[in-house]
Amino acid sequence: MPIVRKRTPTIMTTWSYLLRRPSMRWACLSSLILFGSLYNLKAVQKYQTSSPAPSPAASDDLSACLLIKDDNDRLPEWLAHHFTTGPLRTLIVASDPHSHVFPTEILRRWNGTDGLVIHEWRDEDYIDAGERLQIDETVADVETHGDQAPLRGHQIRQIIFIKRCFWKLREMGRTWTMHIDTDEYLTFNPGSEHEPRPPLLFHPYVEWAVQSNYRLNMDKIKNVRIKQWGAVGQKIEEGALQYDPPLNIDDRYTPAEKNWQRRAEKIAQVRSRLPQVGEMTIMEFIRREKRHVPFVDRHGFFLPRVLFSSKLSNRAVAERGVPPNFDAFRFDTLRFRHHAPMGMMLHNKHGKSFLDVSQLTKESHIYRYMHEHSRSIMNIHNLLVEGRLNEMFLSEEGRKTILPFNSALFRVHHYVGSEESFNAKEDTRRNLDKYSFAGRNSFKILYEDDNLCSWVRAFVSAVGQKKAKYLLAGAADPAMNTKEGLAKIYLS
């Protein structure tokens, strides 16, 4: 007698049998839907904490890429400001793996607020095995990099993160995106009596360099009649001379210089229409002005920074910026109002990038020229133009994407912060005098600025006082950078 093997039912035969029975049909279909939902949720959670799906309208709101390490005390204010003034609605955050405390709990508290979608990445979400090895080897290569080896490794991490983050946002249909740190705030750049005057319109490289008090490299300037500016560059940078151009400037401009003049005049008209913070968001302004220069032919800008010192403001003045029951001295943007001279390279350093990621391609500068072995990695500030920062304006065409201070529609406020907060963060650069707390505060001249005085009131008005206090819990409190401190603040 032949042996008959009993067939083991397969998953498909079992499902077929069950689906033929009316009493089991809906139960089976419900199980399939639930299983599919759980599977998709698991896949999504690799790239984001639990959050609602962004609405189609959110694609035209502000986005950001943020790489953070032990700045939890700064994060609530940073989120609240850009949530209000951007409005920031899509954020990708990656934490340095050497952080003492990850910002997960802060991000979870904010995620989903009025459509804000936050994606928190770990190393495995954007760094492959080869890149991980390269970072580790760089950090360990003390012979080559000395005590700056951790910084070099961090710079590699930065460029990998930015490239992957921008491309992810592009795939998500996002547009204008900022890449700034938690001690920096994007805002409008209205005209001010303290900005460098008058704007130089006759040559793009010199306009940027002199207004930034950058030491001019005259070997790189081919136009002989511009060499007269070399003598004043260092004196201006040292604060020994107020820039005052001679009156006998040669008025025989080249065609490229004339085009630059006309463009600067158009930008000045747009700049004259800049709103006050709270009157209009940054994205509303961009949408309103999208048919005008510079938005009509530029998809990214290199924005000037303004460094704010740690000198405390008068409390009565700072309190004007907050509603009742809020402490103005819990906000760096309100308690620190004294800044270095606008456009002064010596203190403000290089600017930051702000660009429309929907216009990126694999041929864009960041994907063609910025990689782990290039000199461009040293210029993480510049994500737009090939070359080192002091070479960007060597083109005679005047078509580079960087704008001088007087022509920038936006700027970045950069805060030294309190001494306790500043010194709590590990950064090998701070062993150098110029990057130390004292070095960052060594301004010879201080100016005051109230450009950001109104955003807190606008934020509280938008979300309500109770929720505002909930979201801002721990702002400016260094205890947020310890596990015990964060738990105590969030559980109180």
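Structure values in brief
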quantity: Hits in the stretch 476-492 - residues which are among the acidic types (Asp, Glu) and open to solvent by less than 100 Å² (accessible area, probe 1.4 Å); calculated: Asp477
quantity: Residue among Ser272, Ser353, Ser310 that is of a type in the set (Ser, Thr, Tyr), surrounded by fewer than 15 Cβ atoms within 10 Å (Cβ to Cβ) and on the phi < 0 side of the Ramachandran plot; calculated: Ser272
quantity: Entirely in the stretch 388-474, the helices (runs of 4 or more DSSP H) that have 1 or more residues that are over 21 Å from Ile286 (Cβ atoms), under 23 Å from the mean Cα position of the chain (by Cα) and modelled with pLDDT of 90 or more; calculated: 455-463, 465-471
quantity: Some residue of the stretch 112-120 being surrounded by fewer than 19 Cβ atoms within 10 Å (Cβ to Cβ), in contact with a strand residue (DSSP E or B) (Cβ under 6 Å, 6 or more places away or on another chain) and farther than 25 Å from Asp332 by Cα; calculated: yes
quantity: Close pairs from the stretch 404-428: first within 15 Å of Gly439 (Cα to Cα) and open to solvent by less than 10 Å² (accessible area, probe 1.4 Å), partner in a strand (DSSP E or B) and at pLDDT 85 or above, Cβ under 9 Å, at least 6 apart; calculated: Tyr415/Glu184; Tyr415/Tyr185; Tyr415/Leu307; Tyr415/Phe308; Val416/Leu307; Val416/Phe308; Gly417/Phe308
quantity: Counted residues, the stretch 332-355 - those being of a type in the set (D, E, K, R) and touching a helix residue (DSSP H, G or I) at 6+ places or on another chain (Cβ under 9 Å); calculated: 3
quantity: Selected residue (criterion: nearest to Lys425 (Cα to Cα)) from residues of the stretch 464-487 that are out of contact with any helix residue (DSSP H, G or I) (no Cβ under 7 Å at 6 or more places or on another chain) and of a type in the set (D, E, K, R); calculated: Lys483
quantity: Any chance Thr361 is open to solvent by 40 Å² or more (accessible area, probe 1.4 Å), β-branched (Val, Ile, Thr) and either modelled with pLDDT of 55 or more or in contact with a helix residue (DSSP H, G or I) (Cβ under 6 Å, 6 or more places away or on another chain) (or both); calculated: yes
quantity: Residue match in the stretch 289-303 (condition: within 30 Å of Phe443 (Cα to Cα), surrounded by fewer than 19 Cβ atoms within 10 Å (Cβ to Cβ) and not aromatic (Phe, Trp, Tyr)); calculated: no
quantity: The stretch 105-134 residues that are closer than 27 Å to Leu486 by Cα and without any contact (Cβ under 8 Å) to a residue 60 or more places away in the chain, paired with ones that are acidic (Asp, Glu) and crowded, with 18+ Cβ neighbours inside 10 Å (beta carbon under 8 Å, 6 or more apart); calculated: Leu107/Glu120
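The values are calculated or read from the model by the stated rules, or taken from the named source; none is laboratory data. All figures in this text were calculated on a predicted structure; none of them were measured in a lab. With ideal geometry, Cβ positions are generated from the backbone for all residues, glycine too; neighbour counts draw on all protein chains shown. Protein only, heavy atoms only, side chains kept; ligands, DNA and RNA dropped before computing areas. Shrake-Rupley method; radii C 1.70, N 1.55, O 1.52, S 1.80 Å.
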